[in-house]
1. Checking Pro167 against (1) buried (at least 24 other Cβ atoms within 10 Å of the Cβ); (2) more than 17 Å from the chain's Cα centre (by Cα); (3) farther than 26 Å from Pro95 by Cβ, which test does it fail?
2. Which pairs turn up if I take residues in region 101-128 that are within 14 Å of Thr225 (Cβ to Cβ) and look for partners that are among the acidic types (Asp, Glu) with beta carbon separation below 7 Å, at least 6 apart in sequence or on another chain?
3. Among the listed residues Asp125, Asp196, Asp156, Asp130, identify the single one that is touching a Cys at 6+ places or on another chain (Cβ under 9 Å) and not aliphatic (A, V, I, L, M).
4. Can you tell me which residue within region 308-350, out of those that are among the basic types (Lys, Arg) and either under 18 Å from Arg279 (Cβ atoms) or touching a residue at least 60 places away in the same chain (Cβ under 8 Å) (or both), is surrounded by the most Cβ atoms within 10 Å (Cβ to Cβ)?
5. Based on what the data block shows, is Val121 part of a strand (DSSP E or B) and either farther than 22 Å from Leu307 by Cβ or open to solvent by 30 Å² or more (accessible area, probe 1.4 Å) (or both)?
6. Answer with yes or no whether Glu48 is at pLDDT below 75 and part of a loop (DSSP other than H, G, I, E, B).
7. Cβ-Cβ distance below 6 Å, separation of 6 or more or different chains: which pairs start in region 511-537 with a residue that is open to solvent by 50 Å² or more (accessible area, probe 1.4 Å) and end on one that is modelled with pLDDT of 95 or more and basic (Lys, Arg)?
8. So Leu71 fits all but one of (1) of a type outside the set (Lys, Arg); (2) loosely packed, with under 10 Cβ neighbours inside 10 Å; (3) at pLDDT 80 or above; what number is the exception?
Amino acid sequence: MEPKNNLVDPHSDVIKPNYMLMSLQRILVLSVIMASVVIVVYFTPMPEEYFENCDRECHELDWPMICRVKLVIEVYKTYSKSCNNCVETGSECSPTCITADGRERGVLSANRELPAPAFHVCQNDILVVDVVHRAPAHALSIHWRGQPQKETPFMDGAPMLTQCPQPAYTTFQYKFRASAVGTHMYHAHSAADAADGLAGAFIVRQSPRLDPLRSLYDVDATEHTIFVAEWGHSMGPLGGVISKIPNAESLLINGKGNTPESLNAALSKFNVEYGKRYRFRLVYSGGFKSCPMTFSIDQHALKLIALDGHRVQPENVDSITLGRGERADFVLEAEKPVGVYKIKVVANKSCQENLEGEAELLYTSKESKVLLQKKDSESLVNREFTTVVGEKCASDSVLCLDEIQSAEKIPVKLGKATDEVIYVPFNYSTRQITTKRVESWGQTDGYRFTYPASPLLTQGGDVAPETMCSVKDTDGEECVHVKHVPLHSTVELVMFDQGGESDHIFHLHGYSFHVIGIQIFNTSMDKEKIIKMNEDGTLFRSKNLNNPVIKDTIVIPKFGVVALRFTADNPGYWMMRDERSAHWTRGLDFVFKVGDNRDFVQAPPDFPKCGSYVGPEYFLI
């Protein structure tokens, strides 16, 4: 019998895995992770349901707050009973005592304040604003300037485009994320309502650790927000409708000012402490006239650091000139002897003579003996800044908008040839109605803008096709002027004034744009010539395709042309708003439709609806 071969199993020494043990280990690790998450969440302060006030120092690790505010809109008046003779006695006035420029006048107020209450929040806070509309005979909507509303385009506040106008004696709730950092404002869409008081500052801060400007200042305080507005007593429902717009009587700073008839009226005061650097946030809401406004502080230089919420390379100037709806941030170094320094705002004289406003800058420290030997001329720079480009820009002492550089480089794709180039001429047309009556209105690209009967964003299917502007009809007929832009395309918008009436101001909803070129001509230019010059590269002396300033509001000079670039990455209907319209429109507005309907964020199912109504034919039979 042959012996058996001693065969060795090659796998006999391999230890088989214990799958049960491995499973228990995985369960243990997952349990530890879950327990850690629960502990972190439990001990991390979660936001309460609502906060009445979100004004705080921002921190990058904090949860966003839900900021719920109620705005009660009503007709109010200056020197109401709540003042209780506080001005005459010199005692402290109650928060609901509106003194304005020292004379009695009706006010369209929010929470009985002038200007409307300022909102100070942190980036990504959620605002829940209940607008309680108690002003009779008013259709109302509130626009949140500077916020792109990407998640909630139906909260933009453009009537008949993103929402139905709010009827009197109803409540409408705005709910959106404050995503865009910077100095902004909110206001009634109707400029007449905003001029009557329904406008306020809207400041969105970020964590000091994330703020690239933080090294330039020591203090960024709520009380250093400056809100400037035109104020007049001859204004009213016909303001902006009649051919001659009445003059304003004063410029208010944070709701206060005076006139020759009321020299003792209270003025706003801003406190600073010697040796510190203060970030001031300047907002100009304009009014009926919408004259450009020049801001300055006696014996102080201003370090300009931001425009319309976007950083610029710092520039030292003595004054800042803004158009309606524009905002500027500047740093003030408190390096003067203790005293009271005059803050002045003056309207452009070519728009209106003797339109001014005042406030006071007060030093609170007495440690300034070293500066007594310093000459005032050493701290001034003898240079003014203006967003209103004109002939004076040729002077070395004037720094104009097209000379300012952004702190950020333009995106690479916007620095190249864009996917879309849109040319928009604007002008005024006239029509003989009778032998004695001539009607005048504005038009852009041959169209006179009007609003649809239902909001385009939320009820686009209800808008009659015949009310939309036709490609063929450009003879000044009234229609809903919409320009289609492909989603995610790059756009160059070239706008130019053919009428030469005055400077114009336009504000783009939903976007900010790069101002790559501004040019002034002394005559009207037709569209074909503008297109050819732009294609030949001769329309502008130069285009800044490196670091152009970023804004959402632009002043277009008389007989001027501007080139603006942006990436169409925010789907929806977005208005290019004529800022000098006293009411809803004077024909110069138009709308960008970015993307298709399937790209739009849908409004809630119970979102308010509105539209035309035609009764049945048999009703009166």
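1. Of the numbered conditions (1) buried (at least 24 other Cβ atoms within 10 Å of the Cβ); (2) more than 17 Å from the chain's Cα centre (by Cα); (3) farther than 26 Å from Pro95 by Cβ, the odd one out for Pro167 is (1).
2. From residues that are within 14 Å of Thr225 (Cβ to Cβ), the pairs are His120/Asp55.
3. Values: Asp196 fails: touching a Cys at 6+ places or on another chain (Cβ under 9 Å); Asp156 fails: touching a Cys at 6+ places or on another chain (Cβ under 9 Å); Asp130 fails: touching a Cys at 6+ places or on another chain (Cβ under 9 Å).
That would be Asp125, the only listed residue that is touching a Cys at 6+ places or on another chain (Cβ under 9 Å) and not aliphatic (A, V, I, L, M).
4. Arg327
5. Details: part of a strand (DSSP E or B): yes; either farther than 22 Å from Leu307 by Cβ or open to solvent by 30 Å² or more (accessible area, probe 1.4 Å) (or both): no.
So Val121 fails the test.
6. On the way: at pLDDT below 75: yes; part of a loop (DSSP other than H, G, I, E, B): yes.
Here the answer is yes, as Glu48 does meet what is asked.
7. Listed by first residue and then by second, the contacts come to nothing, as the list is empty.
8. (2)
The values are calculated or read from the model by the stated rules, or taken from the named source; none is laboratory data. From a predicted model like this one, the values you see are computed outputs, not experimental measurements. Note: ideal-geometry Cβ built from the backbone for every residue, glycine included; neighbour counts use all protein chains shown. Ligands, DNA and RNA are excluded from the accessible area calculation, which covers all protein heavy atoms including side chains. Shrake-Rupley method; radii C 1.70, N 1.55, O 1.52, S 1.80 Å.
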